[in-house]
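The values are calculated or read from the model by the stated rules, or taken from the named source; none is laboratory data. Note that this is a predicted model, so its numbers are computed, not measured. A quick note on method: Cβ atoms are made from the backbone with ideal geometry, for glycine too, and the neighbour counts reach across all protein chains shown. Note: areas computed on protein heavy atoms with side chains; ligands, DNA, RNA excluded. Shrake-Rupley method; radii C 1.70, N 1.55, O 1.52, S 1.80 Å.
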Amino acid sequence: MKLPHFLTSYLKQSKELLEAHDESRAMSLAVGGDFEAVGVLEFCLLRQLGLEPGHNVIDVGCGSGRLAVQLKDYLTGPYVGIDVVPELYEYAQRLCNRDDWRFYSAPGTSIPEPDASADFVTFFSVFTHLQHEETYRYLQEAKRVLKPGGKIVFSFLEFRLPSHWFIFENSVKDERQDKVLNQFMDRDMIHAFAKHLDLKVAEMHDGHLPHIQLDRVVRWDNGSEMNGSGYLGQSVAVLTV
């Protein structure tokens, strides 16, 4: 049976990184580097959007745990981390050391959790690597598991931002058949998806403009810092039921 494109490419990438680096470095590079900085930004964004300690979070594409690690001393409610690469979510599970949290392999584009069980469903750097049909299926599932008043939060790449263009240029140059897909979305498509799924677009933020209120200094791997407010680099959309 042929494996999904996102599974084969990510398994290959993780294997190569683990062979070339120590585990900590490999687990950071597997999710794009800047492990702590991006995790802090994601955490602060969710806090800004109303995340409370007792909430239930489903983190689709949890990777090696950059968000989970930031949540582990804040979130008292349930957390579910889902990813396609066992090495990644198993590493996240060890880092968090929360016996009450669950981590497991993503079964395709479904979210095997109960209806109306989550306050937040997150997809950070997930739709950036999926075909649009797969993204739509995931949004269908996210709506199903979302509680009334809950929020779907995802990051995305878009052609309208010059700061995202280099990613597309690099994809054009990379002719490998097994490379990790870099997928772009446009805002018309997001609005169309939301309309057909009976979801509301609550917020949309440009990836290069500060919009996340920070509770600490964010330090990037290259030595630069963000203070006061920050941004992920990828754009952010927030959907509600």
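Restricting attention to segment 198-241, the residues being of a type outside the set (Val, Ile, Thr), touching a Leu at 6+ places or on another chain (Cβ under 8 Å), in contact (Cβ under 8 Å) with a residue 60 or more places away in the chain and under 16 Å from Ala142 (Cα atoms) number 2.
If you filter segment 72-89 down to residues that are touching an Asp or Glu at 6+ places or on another chain (Cβ under 8 Å) and within 22 Å of Ser155 (Cα to Cα), you find that the one that is most open to solvent (accessible area, probe 1.4 Å) is Tyr89.
Among residues that are surrounded by 13 or more Cβ atoms within 10 Å (Cβ to Cβ), over 20 Å from Asp83 (Cα atoms), among the hydrophobic types (A, V, I, L, M, F, W, C) and touching a residue at least 12 places away in the same chain (Cβ under 8 Å), Ile152 is not included. Tallying residues that are touching a Ser or Thr at 6+ places or on another chain (Cβ under 8 Å) and open to solvent by 30 Å² or more (accessible area, probe 1.4 Å) within segment 192-205 yields 5.
Each residue in segment 155-164 was checked for being open to solvent by 10 Å² or more (accessible area, probe 1.4 Å) and either touching a Phe, Trp or Tyr at 6+ places or on another chain (Cβ under 7 Å) or of a type in the set (A, V, I, L, M) (or both), and 1 of them qualify. Scanning segment 105-130 for residues that are in contact (Cβ under 8 Å) with a residue 60 or more places away in the chain and either open to solvent by 20 Å² or more (accessible area, probe 1.4 Å) or polar (S, T, N, Q) (or both) turns up Gly108, Ser117, Asp119, Thr122, Ser125, Thr128, His129.
Given (1) farther than 20 Å from Glu23 by Cα; (2) open to solvent by less than 30 Å² (accessible area, probe 1.4 Å), identify the lone condition not met by Ala92. Evaluating Ala92 over (1) farther than 20 Å from Glu23 by Cα; (2) open to solvent by less than 30 Å² (accessible area, probe 1.4 Å) leaves (1) as the failure. The set of residues in segment 28-81 being in a helix (DSSP H, G or I), within 25 Å of Pro112 (Cα to Cα) and either at pLDDT below 95 or aromatic (Phe, Trp, Tyr) (or both) consists of Phe43 alone. Of the numbered criteria (1) out of contact with any strand residue (DSSP E or B) (no Cβ under 7 Å at 6 or more places or on another chain); (2) in a loop (DSSP other than H, G, I, E, B), the one Lys195 fails is (2).
Restricting the search to segment 155-171, which residues are acidic (Asp, Glu) and in contact (Cβ under 8 Å) with a residue 12 or more places away in the chain? If the condition is that a residue be acidic (Asp, Glu) and in contact (Cβ under 8 Å) with a residue 12 or more places away in the chain, then Glu158 is the only one that fits.
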